[in-house]
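Report on the structure given below.
The values are calculated or read from the model by the stated rules, or taken from the named source; none is laboratory data. For clarity, every value in this text was computed on a predicted model and none was experimentally measured. Because the Cβ atoms are built from the backbone with ideal geometry, glycine has one as well, and the counts that use them run over all protein chains shown. Only protein heavy atoms, including side chains, enter the accessible area calculation; ligands, DNA and RNA are left aside. Shrake-Rupley method; radii C 1.70, N 1.55, O 1.52, S 1.80 Å.
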Amino acid sequence: MSVTRTIEALFRRFLPSPFAIAVILSLLALFLGGVFGVYPDGTNNWAGTLRAWESGLWNRNLLVFAYQMMLILVLGHVLVLSAPAEKLLSALTARAGNAAGAALLVASTTMLVSFFNWGLGLIFGALLARKVGEHARDRGIPINYPLIGACGYLGLMVWHGGISGSAPIKASEPGHIHNLLEGILPDASLAALPGSIPTSETVFGPWNLGIFLVVWLVVSGLAYWLGRTTRTGPVELPQSVSEAETESDPQQDGDRADRSPWLSRLFAALVLAAFLLQYLPQLRQLNLTPDMLNFFMFGLALLLHGNFRNFLRAVETAIGDTAGILIQFPLYFGIMGIMTESGLIHRVSDFFIAVSTQRSFPLFTFFSAGLVNLFVPSGGGQWAVQGPIILQAALELKVPLEKALMALAYGDQLTNMLQPFWALPLLGITRLKAREILPFTLLFMCAAGGIYLAGLLIW
């Protein structure tokens, strides 16, 4: 397929590593802030930009959010490393008999899992892609391994409209909308608004589920077609972590608690009981929060791993594969600090709002969110910065708040296919490079983007 090969050649030649991209974007944000930024009290632009960058790097609220997101990612990975998940992956991998079937398998299952939880889906997709590569290598099945890796990343194109989407679950927290718009709207106007937007109106709304279903079908079909039409070949892979058996330490008396299945099950039962006691009313209303997801995954991971020793080994593996994200998070927080304090992010949003009507506003929100995501690849952080502007404009244009919120979520998740930040765990597990998977994710982005835009117009 000549188009794919041309794109692939360009990406291979010019695209740097994800860390280098984060540094380049930081330098670009510093330049834009210094030239176009506006700071209070007559502060020199360059000095204001540097201060905004430094304060953004260590913003305490964002660091708390980063820890929540890292836990979602780590605990999702830990769940996938459990024995039941390993059996499921092996059963799925056995169905990959050819290149097209392998691409369809990885794409469709990854998107389904990611709709439930983005951290779980990201690692599940990465491990499934790796397993499929090993399966093809061992059985001599020619496949396009970079395409398989791209299919394993597709969950990040549907996650924000799913159950663990940062903006929908943050907006569902009691009083969140009031807190977000406090100081922006008059108290009388604020009191007339709902304190939150329940996920029953966003994630579990019929229109959102319908859009996801169409994206899932179309993108899965595109993956199958690409598997049939792109060039294939034998797969060469280094030994994986799962294939390299770790030496087992001799059991000692002090290890009994770590190896005890009963202690692990008892503690897991206590965690899950506390989870139900605390969150059952919210679950009945289909209201989800980051803390709720992490608490549930913590208890479930303890239960599935059987003992503390297995659980902690999985945690060590999971943390290792998220090292790239951990070190790059502050860089993007610094960019966010510049974009916010210099007023640049307001200019981007204000531009789209100024040219919007009630009908076109969700589309412009979609595009602005996609653009901002290239600089701030964090859905929750983007909602904290861009959310107040979008909600205020939605109120002025009489656009339903839940529609404005989901337009932001769709735009944010779509350009993850161009922003390799969240692909770092997948790249580490599959041993692929960003420039190898991005030609395919670009094609998937174009297909899904058309569906999201049509969905926002019809809705």
With the structure loaded, tell me whether VAL399 is modelled with pLDDT of 75 or more, open to solvent by less than 30 Å² (accessible area, probe 1.4 Å) and in a loop (DSSP other than H, G, I, E, B) or whether it fails that test. yes
Looking only at the range 119-129, how many residues end up being open to solvent by 10 Å² or more (accessible area, probe 1.4 Å) and modelled with pLDDT of 80 or more? 2
Which of the residues belonging to the range 81-127 are over 27 Å from ILE169 (Cα atoms), aliphatic (A, V, I, L, M) and part of a helix (DSSP H, G or I)? ALA83, LEU88, LEU89, ALA91, LEU92, ALA99, ALA100, ALA102, ALA103, LEU104, LEU105
Quick check on the range 282-300. Is at least one of its residues of a type outside the set (Val, Ile, Thr), farther than 30 Å from PRO206 by Cα and at pLDDT below 90? no
Name, by its number, the condition in (1) open to solvent by 10 Å² or more (accessible area, probe 1.4 Å); (2) farther than 26 Å from ALA409 by Cα that does not hold for GLY37. (1)
For the range 3-34, how many residues meet the condition of being at pLDDT 70 or above and either of a type in the set (Asp, Glu) or surrounded by 12 or more Cβ atoms within 10 Å (Cβ to Cβ) (or both)? 13
Tell me, please, whether a residue that is surrounded by 13 or more Cβ atoms within 10 Å (Cβ to Cβ), among the basic types (Lys, Arg) and at pLDDT 80 or above can be found in the range 45-54. yes
Would you be able to tell me the number of residues in the range 294-319 that are open to solvent by less than 20 Å² (accessible area, probe 1.4 Å) and among the acidic types (Asp, Glu)? 0
Would you mind finding the one in ILE169, ILE148 that is part of a helix (DSSP H, G or I) and modelled with pLDDT of 85 or more? ILE148
With the requirement that a residue be more than 26 Å from PRO234 (Cβ to Cβ) and either over 23 Å from the mean Cα position of the chain (by Cα) or open to solvent by 30 Å² or more (accessible area, probe 1.4 Å) (or both), what does the range 69-100 give you? LEU71, LEU81, ALA83, PRO84, LYS87, LEU88
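Condition first: in a helix (DSSP H, G or I) and open to solvent by 30 Å² or more (accessible area, probe 1.4 Å). Now tell me which residues in the range 130-140 satisfy that.
LYS131, ARG137, ASP138, ARG139
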Any idea which of (1) at pLDDT below 75; (2) in contact with a His (Cβ under 8 Å, 6 or more places away or on another chain) is the one SER378 doesn't satisfy? (2)
